[in-house]
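The values are calculated or read from the model by the stated rules, or taken from the named source; none is laboratory data. Computed from a prediction, not measured in an experiment: that's the story for all the values here. Every residue, glycine as well, gets a Cβ built from its backbone with ideal geometry; the counts of neighbours run over all protein chains shown. SASA here: full protein model, heavy atoms, side chains in, ligands and nucleic acids out. Shrake-Rupley method; radii C 1.70, N 1.55, O 1.52, S 1.80 Å.
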Amino acid sequence: MGILLCFMSQKNQFIHKNTFLENKTNKTNKTNKTNKTNKTNKKSKSEKPIRLIFPALFLFVVLFLFLLAIPFALNTAGAAASDSYSTDLSGSAPQGGVLLIVDGMGSYYIYPELTAGTLTNETGNHALVKTLPRIWGDGYRISLMKSPHPVTELGHSTIVAGNTAADSEMVGYAGSTLMDVFADEGFLCIGVMQRGDFASMRQKFDLILYDETNSVNNMNFTIQRNDKGEGGGDGDNSTAEKAVRQKMIREIEVEFEKLKNNASSYVSSKDTGDKYAGYNRHALDAACAALSVMEKYPGQKFVIVISVGAVDSTGHYRGYYAYLDAVERLDKDMEKLFNQCKKNNFILAITADHGMSFETLDKKGGGHSSGKYAKTKEATNIPFIIWGPNVKSGVIDAAETGQEDITPTFLSLFGIGTAPRFSKGKVLPAKEKPTLTIEFSKPENVRILKDGTEIFTASGYAKYSISGLSPGNYKVMWTAQNEKYTQTECQIFMEKDTVLNATQYVQKSIFSKSGVDSSSESEPNPSGTDFGWNKTVFTNKYVVAALILLINLTGGVFAYRIYKK
């Protein structure tokens with residue numbers, strides 16, 4: 001730009017000299033006319049540089065501002081990029097899983113290290129369970145997990161949304177539940193719910209079997225099928241894939257129809273304990289029927305959410321001893337579901353919306369949400385037990401956790417680093433090999449090294465999810481696709497799922513001394529969340545902007561000096 005101004009000023013002076021010579025040649029002509037012409041030419045010559053210089057200066061300012069904006073445009077380009085890449089280096093990614101919510105089952109009645117009591121300080125007994133210890137013996141369980149609101153609707157809402165403030169309204173918002181996240185990942189979402197089946201919850205499933213009355217004595221099972229766009233996440237499914245998906249849903253729906261029509265046989269016993277146990281068994285059998293369908297379609301990912309209600313009903317109406325009996329019967333019927341999951345390497349997670357508290361051991365009826373029950377440890381402490389591929393075996397985690405941690409942890413078992421949009425929960429260290437999620441504002445080239453050996457490399461995506469990483473130190477390096485001379489690298493320590501948000505950090509020129517290896521600037525962080533970056537290094541695009549500014553200012557100065565001369 002400055003060079004252009006210099007050229008225009010030089011040209012203007014050249015024109016000035018030519019005009020002067022022509023005037024001198026014509027001096028022998030009429031004197032009065034010549035003098036008049038010379039005065040006019042002088043005025044024209046004095047105005048011409050001014051007429052030229054102001055448009056040029058305006059053009060200079062416009063182009064300067066445009067060039068100055070280029071680095072910032074480059075820095076924000078591609079901010080809306082959404083292309084993602086997922087892989088499992090262990091090769092053990094599960095096809096699907098089951099989340100079983102047992103309404104009213106408190107951890108103080110099943111965990112051997114905890115002992116339940118009553119409001120009158122009587123010491124209770126444990127339920128004699130056999131299947132649950134098998135599951136947590138080969139899996140992972142949390143010893144102390146609290147439900148913030150020991151109420152059925154709020155408990156179910158907190159579980160699926162990962163937020164202690166969740167309710168049925170929040171569940172209805174777009175992207176607010178684990179089912180929304182699974183659907184975005186292409187999972188088929190199936191529900192079998194005897195409790196927590198409010199309208200906004202039901203809308204989150206492709207197909208759900210639920211009891212409209214939530215009553216053991218007056219049950220009314222209904223099947224609801226929702227149109228989820230039939231694409232299952234990426235929206236690029238072919239017509240054939242959509243047809244297969246609809247075929248799967250229809251096959252499960254047929255199985256649900258059979259169970260719906262046969263529901264009365266599950267509660268036909270005159271023995272009250274058998275009747276309540278049969279109600280729970282109906283939901284478990286429905287889930288097993290859906291699993292049998294999914295076994296025939298190994299390429300389709302899925303999740304089944306079950307809520308069984310008779311343990312809660314027993315606690316409310318039949319008392320402490322009957323409550324233990326209901327838990328024991330459910331434990332026995334759970335064996336079929338566990339064996340089916342184990343045979344197919346499906347994930348099985350078991351939890352509750354709340355627990356149950358009793359005033360005395362002998363009194364008929366207990367509670368969990370009213371004033372005298374709501375704050376007791378028996379009502380607020382719930383189990384969380386996980387079995388599946390890549391789940392730690394035989395681990396009892398004594399950390400104090402919250403019900404909101406269930407959804408992000410359950411999602412992580414599938415290598416999914418995304419949580420529901422309002423989730424406040426954290427991922428618990430349940431996996432043998434965690435997942436690293438790297439998020440960029442635009443597509444980047446990524447390399448990951450462990451002990452100096454490259455274990456992963458890929459390019460062209462704005463988000464990467466790499467599952468199956470052994471715990472330890474890793475070096476992560478990335479280079480922008482349109483900036484081959486910049487690179488950023490860092491070291492992290494992984495012991496659980498970690499999200500690396502790279503959008504907030506400045507990339508460094510590989511020619512910059514401090515940009516070659518940021519590992520020398522910070523030690524690995526055990527939490528895997530704060531990576532100790534050097535944020536003061538300028539990249540080559542800012543150097544280019546400074547050079548552009550310097551050149552233009554220099555040209556402007558020369559142009560002004562020529563004009564003054």
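Peptides 451-463, 151-163 ranked from most to least packed, by the mean per-residue count of other Cβ atoms within 10 Å: 151-163, 451-463. In percent, rounded to a whole number, the relative contact order of region 177-293 is 22, using alpha-carbon pairs under 8 Å and six or more apart. Placing one identical point scatterer on every Cα of region 409-492 and ignoring solvent, what is log10 I(q)/I(0) from the Debye formula at q = 0.11, 0.12, 0.17, 0.25 Å⁻¹? For region 409-492 at q = 0.11, 0.12, 0.17, 0.25 Å⁻¹, log10 I(q)/I(0) is -0.34, -0.40, -0.77, -1.27. In this structure, N445 and E113 have a Cβ-Cβ separation that, at R0 = 51 Å, corresponds to a calculated FRET efficiency of about 0.55. At an R0 of 35 angstrom, the distance between the Cβ atoms of D271 and E122 translates into a FRET efficiency of 0.85.
Couplings for region 245-257, taken from phi via the Karplus curve 6.51 cos²θ - 1.76 cosθ + 1.60 with θ = phi - 60°, read 4, 5, 5, 4, 4, 5, 5, 5, 4, 4, 5, 5, 4 Hz in order; Gly and Pro are left as x. With a 1.4 Å probe and every protein chain kept in, tell me what percent of the accessible surface of region 86-236 is carbon plus sulfur. The computed percentage sits at 44. Taken over the alpha carbons of region 357-421 as equal point scatterers, the Debye sum produces base-10 log I(q)/I(0) values at 0.16, 0.19, 0.25, 0.30 Å⁻¹ of -0.74, -0.86, -1.10, -1.34.
When each of the peptides 405-415, 422-432 is scored by the mean number of other C-beta atoms lying within 10 Å of its residues, the order from highest to lowest reads 405-415, 422-432. Average accessible surface for region 253-347: 38 Å² per residue, computed with a 1.4 Å probe over protein heavy atoms with every protein chain in place.
Given the pairs K301/K392; K275/K364; K475/K496; K442/K496; K130/K392; K296/K342, which are separated by over 24 angstrom at their Cα positions? Working shown, then result.
Numbers: K301/K392 22 Å; K275/K364 18 Å; K475/K496 16 Å; K442/K496 26 Å; K130/K392 20 Å; K296/K342 16 Å.
Distance filter (> 24 Å) returns K442/K496.
Taking each residue as 0.36 nm, the span from R225 to K258 lengthens on full extension beyond its C-alpha to C-alpha distance by 10.3 nm.
Ranked highest first by average number of other Cβ atoms within 10 Å, how do 292-303, 353-364, 97-108, 180-191 line up? Could the numbers behind the result be given before it?
Working: 292-303: 16.7, 353-364: 21.3, 97-108: 26.4, 180-191: 22.8.
By packing density, highest mean first, the sequence is 97-108, 180-191, 353-364, 292-303.
What's the carbon and sulfur percent of region 250-380's accessible surface, probe 1.4 angstrom, rounded to a whole number?
Values: 2290 of 4970 Å².
Here carbon and sulfur together make up 46 percent of the probe-accessible area.
Compute the Kirkwood hydrodynamic radius of region 312-457, taking the inverse of the mean of 1/r over all pairs of distinct Cα atoms, and give it in Å to one decimal. Write down the numbers at each step before the final one.
Working: mean 1/r = 0.0538 Å⁻¹.
It is 18.6 Å.
Given 4 °C and 1.567 mPa s, how large is the Stokes-Einstein diffusion coefficient of region 138-212 in µm²/s, with Rh as the Kirkwood radius over Cα pairs?
On the way: Rh = 13.1 Å.
Translational D for this selection: 99 µm²/s.
In the context of the full set of protein chains, region 361-458 has a per residue accessible area of 39 Å² (1.4 Å probe). Computed over region 319-369, the P(r) curve from all C-alpha pair distances, binned at 10 Å from the origin, holds 21, 39, 25, 14, 2 percent per bin. At a Cα cut-off below 15 Å, give the aspartates and glutamates reachable from K431, other chains included and same-chain residues fewer than 8 away excluded. Hits, sequence-local ones excluded: D88, D138, D397, D405, E495, D497. Taken along its three principal axes, the alpha carbon spread of region 290-338 comes to 46, 17, 11 Å, from the longest extent down to the shortest. Probing with 1.4 Å while keeping every protein chain in the model, the per residue accessible area of region 116-166 equals 38 Å².
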